[in-house]
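Below: the structure, in structure tokens.
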Amino acid sequence: MDWLTAAEALALLGTQPQTLYANVSRGRIKARRDPADSRKSLYRGDDVRRLAQRAAGRRKQEAVAAAAIDWGEPVLPTRLSTVQGGRLLYRGVDAVVLAETATLEDVARLLWQAPCRVGDAGPQSTGYGLRGAFLALAARAAEPAGQMLGPAALGQQAGVVLDAVAAALCGQSDLGLPLHARLAEHWERPEAADIIRRSLVLLADHELNASTFAARVAVSTGASLWAGALAGLATLNGPRHGLASRSVTALAEDIGSEPAGASAALRDWLDEGRAVPGMGHPLYPDGDVRSTALLECFDVPPAFIAFRAAAEAITGDVPNVDFALAAMAKAYQLPTNAPLVLFALARSVGWLAHGIEQASSGQLIRPRAHYLGPGAAG
């Protein structure tokens, strides 16, 4: 294994230093401290060369999209949401604009094109919290196939599924309140109700993210919306998706509030081959609009300010929504798992919308594999 200096790596990549740091931050290039000079870093040659050569062999996006969904690349047609020109759109409506006044229930009605009633589930025998949500979904995941239902019945079932998830995640709060107010009451943070409302709206859907893709795959087989939501929740529950904010909080606490200490701590983090969490997003080259919309609404804690300044200087990236959720949870003294709970409740609306759309299409999602094992074609 060979290690390259920054100059050698930049020469191979043909990029600026910030792009090199960003690739290290995202885990694409492993870095370590230069033993000859502790102020400098070395970069793994294999990683650098792989990135440098990737463009030459990459198929154009148009060709990938043209392969469609049936036994092809995982590209799905949808009318639900997209990121376009740096804006997040729900059925053509700007999600940031919606977040100014809308509730999660409003977004559900928009995405489902059906009524959304919550509060009817009552106390859950499966328990409360994320474990309760998993159990509530699993208890009914074997219900009849979604394709056996028409659009109106699917919309009605979506409301029942969301109600069960909300009953688990919002605890014994007042069932007559909107979902954001129920969460604020459950967490005993009434002053956080509005920022919770905004975050739920902004997290409701995000085109074909990992958990949404999992939910659509499940429903495409004929499984129920309960099974689709369970697949989505299981996929969300990982450190590269719904748990990403935990890493942001942990790193912010390590950094503290001193800017000088923040830079050193982040460089140590990168030298260990770890990506900087909560920074940058491939779909938002100019910055994650969800993060911007949330961070404007509260006073960001000092440790997160120091984290952001150091990370922007080193990687060139700006905060994404995981950073905003972690900072929000700290600012309002919400529970440690608040970002994941917010994601799970909000994204349930999106999973169910995609489940309705997928069930209505009647298509099975079955992409091909690119085989690289023994006997692979040259």
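Once every DSSP H run of n ≥ 4 in the chain is given -39500 (n - 2.57) and the sum is divided by its residues, what mean residue ellipticity at 222 nm do you get, rounded to the nearest 500 deg cm²/dmol? About -16500 deg cm²/dmol. Highest mobility in the GNM of the chain, judged by mean-square fluctuation with C-alpha springs under 10 Å and restricted to 210, 167, 36, is found for 36.
Each of the GluC sites (Glu not before Pro) that DSSP puts in a loop and that has at most 11 other Cβ atoms within 10 Å breaks the chain; the longest unbroken stretch is 1-99.
Take every Cα pair under 8 Å whose residues are at least 6 apart in sequence, average their separation, divide by the length of the chain, and the relative contact order is 23 percent.
Relative to the longest principal axis of the Cα atoms of the chain, helix 210-220 runs at roughly 40 degrees.
Given the options 54, 197, 308, state which has the largest fluctuation in a GNM of the chain using a 10 Å cut-off (strictly under) for Cα springs. Maximum among the listed residues: 54. Going by the alpha-carbon gyration tensor, a ≥ b ≥ c the square roots of its eigenvalues, is the stretch 62-378 rounded (a/c under 1.5) or, if a/c is not under 1.5, prolate (a/b greater than b/c) versus oblate? In terms of gyration-tensor shape, oblate.
Each residue of the stretch 107-116 was assigned a 3J(HN,Hα) from its phi angle through the Karplus expression (A = 6.51, B = -1.76, C = 1.60, θ = phi - 60°), giving 5, 4, 4, 5, 6, 7, 6, 7, x, 10 Hz with x at Gly and Pro.
None of the figures in this text is laboratory data; all of them are computed from the coordinates on show. Everything numeric in this text was worked out from a predicted model, so none of it was measured. Don't worry about glycine lacking a Cβ; one is built from the backbone with ideal geometry, like all the others, and counts go over all protein chains shown.
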